[in-house]
Every structure is written in structure tokens, then in C-alpha cells.
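Colleague: Next up is a structure, given as C-alpha cells.
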Amino acid sequence: MRLAVADEDLSACVSCGLCLPHCPTYRVTGEESASPRGRIAAMRATHATDAPAGPEFAEFMDLCVQCRGCEVACPSSVPFGRLMEGARATLARETAYQPRRRRMGYAVLGHHRLLLLASSAAAVLQRLHLVPARLGLPRLPLRRPRLRPGDTAGPGGRPIGTAGPGGRPIGTAGPGGRPIGTAGPGGRPIGTAGVGGRPPEPDAWLFTGCVMDAWMRPTHAAALRVMHATGARVALPGPGGDCCGALHVHAGLRRQAEALARRVMASMPGDAHVVVDSAGCGAALKDYGALLGTAEARRFSDRVLDVHEWLAARAGRLPAARRRLTGPVAVQDPCHLRHVQQAHQHVRTVLAPYADLVELGDDGLCCGAGGAYAGIHPAMAQEIRARKVAAIAATGAPVVASANPGCIVHLAGAGLDVRHPVDIIAWSLDGG
């Protein structure tokens, strides 16, 4: 079976084995087939023959978490993530690698209203104790806060529309004393028009995505509050910005991922930065240039920043902490922030003024979440997680900061207090 991979990528591996200590599945099993080197050997053997791939090859590929920790350890710069995506895309296209039930689940992610409805229904079933605990779902919300992207910071870093000295709202009055955004003469909103009568372009978009918006919308609200505190005008995606397609790429469903990518790009036009508070989604959006192979997609990817990356460039505009957590906070680096985006240090830059940070001693090993991985391979995911939990326990920190929703949910399932860094910052700025 000819795999959808480049021959030069396959031949780049020299089988040195330096990747082995950085592979979570190899560390658990000790088996060569569960290592990057072993998987590349299996790819080479399959790629060199016209025979169809057997179920054993699919199992080898599917057990990979796709953390890509091997890439940063590799002296030959083997693009293992690209190889794995190509192998899985071939399996999904030519075999029964992705069963119908999984394909249907991935399809729902691109229809946000349906996803929200399904999530709310699951939340009701949880309250009735009808959802098996073995599924590992967090406590799903029955309601979600409304996101308010238009509130920007006024003088002193206070959000526009909140009370200032003397109890008067800051920065809300428009011409004639009417609040900005309310109807003026002729029924047009006051203060909203930009050049040529168009609404002003935002300073940044906040991408909200699919599962994170359904399960963790308060974190989006916290990200908005922190971004507003820098004085930025923030907008939310228009129609089509439902799902980044990351899970589809990981599953080998490339055609569906490409369709979602085009919709996401259309939902956030212009030149403003696209800010992402999910490490996995951010890595996917930054890879649209490679996924679609167009100049438009490459320009879009160049606009994408992780929320901490964006905030670090504006750290001087953030207000001082009004309260702090008691005790240290352990920083857990999501794989797609550390290994793929290589933007994990920005978390420390932004979070350090608001919390006492401690580092883990595991050299950034994967926690086992892996997007949908923990649901597909729960036993392996829990084995990998146990090592991460031990590293966290060694710090003595009562709180863990993690910048990816999958990591937060997976680690919280082990009984840890895990929070997104922007939740900690927003809490510190709110002051109670």
C-alpha cells in the first residue's frame, strides 16, 4: 500500500533511537512497535509493497498519541507528525480504519448548534446518573455564559461600560451623551462606524472552536476579559468558525479537515491576529498553510497566535494582580504548545506576575489526553497520565496550569485541580 507520505520524509530517520525516551507509549510498553522508530519502520515496510495494510499496521499507527515529542528530540528533523498524518489518511481512505460511529462523531464537531444541543442533552443525562463514568467525561454545563467580545478596556485598564470613580460607567458616552452602540439619529448605532461606514476592524479575533466552547466557555470569557484589559478590540468568528479540524487531521479524515479549514478562514477575514486559547486548535490553525497548500492559507496561518503568545507582546498593558492564589502553581505544557508551536514559554511570561510558578521534572512528557485519544485508548491514556500525575505530585503544587482543554479534562479526571492560565489571570484581575 502506497502511503500518502513523501519518500524523503520516510528515509530521513536514521534509527538512532534518541526519540525513544520522549515517546509516551514506548515508555509505557517498552515495545519497539510503540516507538517512533518502530512506527517509521512499519511505514517503510507497508509503503514498499502493493499489498493492503493489515490490522496490525493500523493498530501500530492508532496507538500513537501524536504528541510529537519525538520531533524536538530528533537530530535528523524527521517530520513524524506529517508521516503519521499521511499514514492515517491512507488508512482512513482505503480501509475501515475509522468506523462509521467515529466518523459521525467527528462530523458533529463541524455543526456547532448540534454540538451544543448534544452537549446539553448529555449534561442532563449526567445529572440523572445515566452517563457511564468509564467515558471519562467532565461535568458538562447545562448553561453557558454569553460571550461579550465588544467590551474593550478604558482608562486604568477597566473594561468599557464598567463603573469608574464616582460610580459612572467608563467610556460609554457617545455624541449627545448617548451610550456607544445605541441608536442615534436615523437608527444607526453610535460610535461603531469605521472608514467608509464599515465597522472598525478588530485588533484580534478570539477563535472559540467546538468542544472547548461547548464544555469550557467560561475560559473563553476569561480570555476575553484578559484581552480587553490590554485595551484591545476583540471579535468572535462569524458563521463557519465552528471547528478547526484538528481531530479530523489526527484521525486521517483530511478531506473533512480541509473543508473545515476553509470555513474557519472565511469566518475571520482581514489582517488582525487570530488568537487561540486551545493549544491543539492553535497548532492546527498554524498548519493551514501546509494543509491546504495555498497562499491564502499561508497568510492566514501567519496571523495565528496562541493567547499567551499574543498577551506576552502586550504584558506591559496588563493591570497588576488584585489577588493571588495561595501556594505554587505547577505549569504543565500541552504537547501541541511545547513541541509543535514551541510557544510554551509565553505561558510563564504572562502567568508569572499573577502566580508563583513551579516546573515539572518530566521534560515536557505527554499527559495522555491526545485530543480524542483518551476516549479511544483509555487504558494507555491512563498509564501515561499516571506518570504526569507523579511529576505534578513531586512539586507539591495544589493547582496545575494547562493551556489546552483536553489536558485539563484528562488531568482533572485524576482528581487534580487544573485550570487554564487565562482563568487564573482573570481571577487575579477580578479581585473578588
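Only the coordinates and a few stated rules stand behind these numbers; no lab work does. Computed from a predicted structure; not experimentally measured. Note that we place each Cβ from the backbone using ideal geometry, even for glycine, and neighbour counts take in every protein chain shown.
Colleague: Of the options G371, A381, A321, report the single residue whose Cα projects farthest towards the positive end of the charge dipole of region 319-430 (beta-carbon charges: Lys, Arg +1; Asp, Glu -1).
Modeller: Working it through, the farthest residue towards the positive pole turns out to be A321.
Colleague: Further, regarding this structure: Check V331: other-chain or 5+ apart residues with amide H under 5 Å from its amide H, H built from backbone geometry?
Modeller: V358, L360, A401
Colleague: Counting only Cα atoms, I'd like the Rg/Rh figure for region 7-97, Kirkwood definition for Rh.
Modeller: That ratio equals 0.94.
Colleague: Hey, another quick one. In what sequence, highest mean first, do 27-36, 12-21 appear when ranked by Cβ atoms within 10 angstrom?
Modeller: Details: 27-36: 17.6, 12-21: 15.3.
In decreasing order of mean packing, 27-36, 12-21 become 27-36, 12-21.
Colleague: What is the spin-label model distance, in nm, from M104 to R146 if the labels are put 7 Å beyond Cα along the C-beta direction?
Modeller: If labels sit at M104 and R146, their model points lie 3.5 nm apart.
Colleague: Ok, one more. Could you work out the Kirkwood radius for region 319-430, taking every pair of different alpha carbons, averaging 1/r and inverting it, reported in Å?
Modeller: 14.1 Å
Colleague: Given a 10 angstrom Cα cut-off, can you work out which residue in A374, A394, A123 is the most mobile in a GNM of the chain?
Modeller: A394
Colleague: Continuing with this model, one more query. Roughly how many debye, to the nearest 20, is the charge dipole of the chain about its Cα centre, given +1 on each Lys and Arg Cβ, -1 on each Asp and Glu Cβ, and no other charges?
Modeller: 1680 debye
Colleague: For Cα pairs less than 8 Å apart in space and 6+ apart in sequence, what is the mean separation divided by the residue count of the chain, i.e. the relative contact order in percent?
Modeller: Worked out over the chain, it gives 15 percent.
Colleague: Using packing as a proxy for protection, rank 309-322, 279-292 so that the peptide with the highest average count of other Cβ atoms within 10 Å comes first.
Modeller: Answer by packing, highest mean first, reads 279-292, 309-322.
Colleague: Determine the calculated [θ] at 222 nm for the chain from helices alone, applying -39500 (n - 2.57) to every DSSP H run no shorter than 4 residues and normalising by the residue count; nearest 500 deg cm²/dmol.
Modeller: -12000 deg cm²/dmol
Colleague: Got the relative contact order for region 319-430 handy, in percent, Cα pairs under 8 Å and 6 or more residues apart?
Modeller: 36 percent
Colleague: In what order do L140, L114, L130 fall by count of nearby beta-carbon atoms within 10 Å, going from fewest to most?
Modeller: Fewest-to-most ranking of L140, L114, L130: L130, L114, L140.
Colleague: Ok, one more. Need one word for region 54-159: rounded, prolate or oblate. Basis is the Cα gyration tensor (sqrt eigenvalues a ≥ b ≥ c); a/c below 1.5 gives rounded, then a/b vs b/c decides.
Modeller: In terms of gyration-tensor shape, oblate.
Colleague: In the Gaussian network model of the chain, springs joining C-alpha atoms below 10 Å, which of P237, P99, P141 carries the largest mean-square fluctuation?
Modeller: P99
Colleague: Show the residues, 5+ positions off or on another chain, whose built amide H is closer than 5 Å to the amide H of V418.
Modeller: V400
Colleague: Which Rg and Dmax, in Å, describe the Cα atoms of the chain?
Modeller: 22.8, 78
Colleague: Something else about it: Compute the distance in nm between two label points, each set 7 Å from the Cα along the Cα-to-Cβ direction, one at A295 and one at V72.
Modeller: 3.4 nm
Colleague: Kirkwood hydrodynamic radius, computed over distinct alpha-carbon pairs, for region 28-67: how many Å, to one decimal?
Modeller: 10.6 Å
Colleague: Report ³J(HN,Hα) in whole Hz for each residue of region 297-304, in order, from the Karplus equation J = 6.51 cos²θ - 1.76 cosθ + 1.60 where θ = phi - 60°; Gly and Pro get x.
Modeller: 5, 5, 5, 4, 4, 5, 7, 7
Colleague: Once fully extended, how much extra length lies between L114 and A266, figured as 0.36 nm per residue of separation less the alpha-carbon to alpha-carbon distance?
Modeller: Working it through step by step, the gained length comes to 52.7 nm.
Colleague: GNM on the chain, C-alpha springs below 10 Å: top fluctuator among A391, A379, A369?
Modeller: Maximum among the listed residues: A379.
Colleague: Spin-label point model (7 Å from Cα, Cβ direction): what's the R255 to A390 distance in nm?
Modeller: Distance between label points: 4.5 nm.
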